[in-house]
Amino acid sequence: MVKTPESSESSDGEQSYSSSSEEWSKSSDDADEIVEVKGFQVLDSQVNQVMTIFEKHPDMASNFNLENQQLRNAYMGVLLNLIMTLCQSPDELTVDYLNKADRTVLDLTKAGFKLHWLRQKLDEAFLKKEKKREIRTHIRLLEEKVKKRKLSLSDLESDLKKQKAAALAAETPCDFSDIV
C-alpha cells in the first residue's frame, strides 16, 4: 500500500522534518510502508529526508520526466545513497568514493535532476580531502624536521657535557703524585 506523507507541524505552525544522521541511516527493516513523495515512492523511514530535499530544492526534479515508477524510485534511491555517502567523515570518504559520486551526480543530472547544490557539496568534499592530504604532508615534514632538530640538539647536549667535563678536569688542581 502506498500512502502520502503527513507533514508534522511544530507548535508555531511551521513544518519540521528531521535530517539527523540517525534518520539517514535507518535500515529498511525499520520501515515497512511505501510512501509517495512528489511522485517518488520511498520507504517510510526516508520520507523526512526526501521532503527536506524538496523543501530546500523545490525544482530539483522539475526536468525529471521518467514515467516508469520503478526507475523513478531507483533514481531517488541512488540520490539518497549519494547524499548518505557525502555525509561520511572526510577520513571515510576515499578519492575513489568521491570519483564515483562525481559520476553519479553526472548521471543523475543527465536523467533530469537539477543538482547544482549537490555538485557544490561534492566539490567541497573534494577540496576538504585535498586540503587534508596537504595538511598531513605538511605535518609529516614538520615531524621530520622536529626529529632532526631533536637529534641535533641531543648531539649538542652531548658535546656540551664533554666540554664541561673537560673544563672540570682542567680546573682540578694537580696532586703531588701527579707532579712528581
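Residues of region 41-73 that are touching a residue at least 40 places away in the same chain (Cβ under 8 Å) and assigned to a loop (DSSP other than H, G, I, E, B): 57, 59, 60, 61, 62, 63, 64, 65, 66. List pairs: first in region 75-102 and touching a residue at least 60 places away in the same chain (Cβ under 8 Å), second open to solvent by 60 Å² or more (accessible area, probe 1.4 Å) and part of a helix (DSSP H, G or I), Cβ under 8 Å, 6+ apart or cross-chain? Close Cβ pairs satisfying both conditions: 87/21. Restricting attention to region 151-175, the residues that are modelled with pLDDT of 85 or more and open to solvent by 70 Å² or more (accessible area, probe 1.4 Å) add up to 11. The set of residues in region 50-90 being more than 22 Å from residue 103 (Cβ to Cβ) and either in contact with a Cys (Cβ under 9 Å, 6 or more places away or on another chain) or open to solvent by less than 40 Å² (accessible area, probe 1.4 Å) (or both) consists of 50, 51, 52, 54.
Quick check on region 109-118. Is at least one of its residues in a helix (DSSP H, G or I) and in contact (Cβ under 8 Å) with a residue 12 or more places away in the chain?
Yes, region 109-118 contains at least one residue that is in a helix (DSSP H, G or I) and in contact (Cβ under 8 Å) with a residue 12 or more places away in the chain.
Residue selection: residue 131 fails the criterion of being of a type in the set (Lys, Arg) and over 28 Å from the mean Cα position of the chain (by Cα).
The values are calculated or read from the model by the stated rules, or taken from the named source; none is laboratory data. Please read these numbers as outputs of a predicted model, since none were measured by experiment. Every residue, glycine as well, gets a Cβ built from its backbone with ideal geometry; the counts of neighbours run over all protein chains shown. Accessible surface areas use protein heavy atoms only, side chains included; no ligands, DNA or RNA. Shrake-Rupley method; radii C 1.70, N 1.55, O 1.52, S 1.80 Å.
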